[in-house]
Amino acid sequence: MELFIDTANVEKIKQYCEQYPLAGFTCNPTIVTTENRTVEELVNLAPGKRVFVQAIAEDYEGILEDARKLRAMREDIYIKVPCTPDGYRAMYTLKQEGYGILATAVYTVGQALMAAACGVDYVAPYVNRMSDTEIDGCTLVEDIVAAYAAQQIETKVVAASFKNLNQVVRLLVAGADAVTIPLNLFEKLIDNKLTNDAVKVFADQWEAHFNRRSI
Ligand code: E4P
């Protein structure tokens, strides 16, 4: 299982990638611009972890050029390439050149299979965005997981675009290899109110008995 955070928040990337067993972080053009960051500020964060940055150009040559620029900034970077006709061509070429590639903006099982045929390392189905268009995003990711198992495909499924932790957990139970989750959900995952309440009761009882809040 690999857990990623989907963010361009520099401080949180540094903090959480160092303090917790995250596999790395992902971002997309919306996230980068909303945080008012540049790719240069992000690419070398989280040393030793996996970092995913999206190509911006939409045409084949432009995607290759973006990928080259990104790899010049960080050798082990993963390039996110959308599942468009030029995107598949670029994935196929870039994999032959040894790039780490994530096929992004996946909305169908067919796209996930096509990207796998291009040899990509990860596919990122957009769970919540599918659900917004009346497609059941969780069921679709389960179908991708089943299709990859049936075809013995090694490409990893990194489920993305989440509204709640139930979606995240359901897909990990279903066999998704990885998830990338927004900061608010990661913070909810590690900081549960019921657990905190239980811990406080334990410490209160201990203090009442031993007059201290430690062993
Ligand atoms: C990750 O690769 C995607 O860019 C991201 O999860 C999309 O999430 P959103 O639908 O919340 O924007």
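Counting only helices (runs of 4 or more DSSP H) wholly contained in region 1-114, the ones carrying 1 or more residues that are more than 16 Å from the ligand (Cβ to nearest atom) occupy 10-19, 39-42, 60-73, 85-96. Filtered by the rule that a residue be hydrophobic (A, V, I, L, M, F, W, C) and under 19 Å from Thr30 (Cα atoms), region 51-76 gives Val51, Phe52, Val53, Ala55, Ile56, Ala57, Ile63, Ala67, Leu70.
Is it the case that some residue within region 196-214 is polar (S, T, N, Q) and closer than 20 Å to Phe4 by Cβ? For region 196-214, residues polar (S, T, N, Q) and closer than 20 Å to Phe4 by Cβ: absent. Of the residues making up region 94-114, those that are open to solvent by less than 30 Å² (accessible area, probe 1.4 Å), over 14 Å from the mean Cα position of the chain (by Cα) and not small (Gly, Ala, Ser) are Leu94, Tyr99.
Tyr16 falls short on exactly one of the conditions (1) free of Cβ contacts under 8 Å to residues at least 40 places away in the same chain; (2) open to solvent by 10 Å² or more (accessible area, probe 1.4 Å), and that condition is (1). Being open to solvent by 80 Å² or more (accessible area, probe 1.4 Å) and either within 27 Å of Tyr16 (Cα to Cα) or of a type in the set (Lys, Arg) (or both) is a property that Asn211 lacks.
The set of residues from region 146-165 being more than 13 Å from the ligand (Cβ to nearest atom) and open to solvent by less than 30 Å² (accessible area, probe 1.4 Å) comprises Ala147, Tyr148, Thr155. Kindly indicate whether Val39 is open to solvent by less than 20 Å² (accessible area, probe 1.4 Å) and among the β-branched types (Val, Ile, Thr). No: the conditions fail for Val39. Among the residues of region 130-141, not one is under 13 Å from Thr180 (Cβ atoms) and either surrounded by fewer than 21 Cβ atoms within 10 Å (Cβ to Cβ) or near the ligand (Cβ under 8 Å from one of its atoms) (or both).
One line per residue, one yes/no per condition, for (1) free of Cβ contacts under 8 Å to residues at least 12 places away in the same chain; (2) under 19 Å from Gly24 (Cα atoms); (3) out of contact with any Lys or Arg (no Cβ under 7 Å at 6 or more places or on another chain):
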site: Ala115; (1), (2), (3): no, no, yes
site: Cys118; (1), (2), (3): no, no, no
site: Tyr148; (1), (2), (3): no, no, yes
site: Val157; (1), (2), (3): no, yes, yes
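The values are calculated or read from the model by the stated rules, or taken from the named source; none is laboratory data. All of these numbers come straight from a predicted model, not from anything done at the bench. Here Cβ is always computed from backbone atoms with ideal geometry, including for glycine, and neighbour counts include all displayed protein chains. Surface accessibility is based on the protein's heavy atoms, side chains included, excluding ligands, DNA and RNA. Shrake-Rupley method; radii C 1.70, N 1.55, O 1.52, S 1.80 Å.
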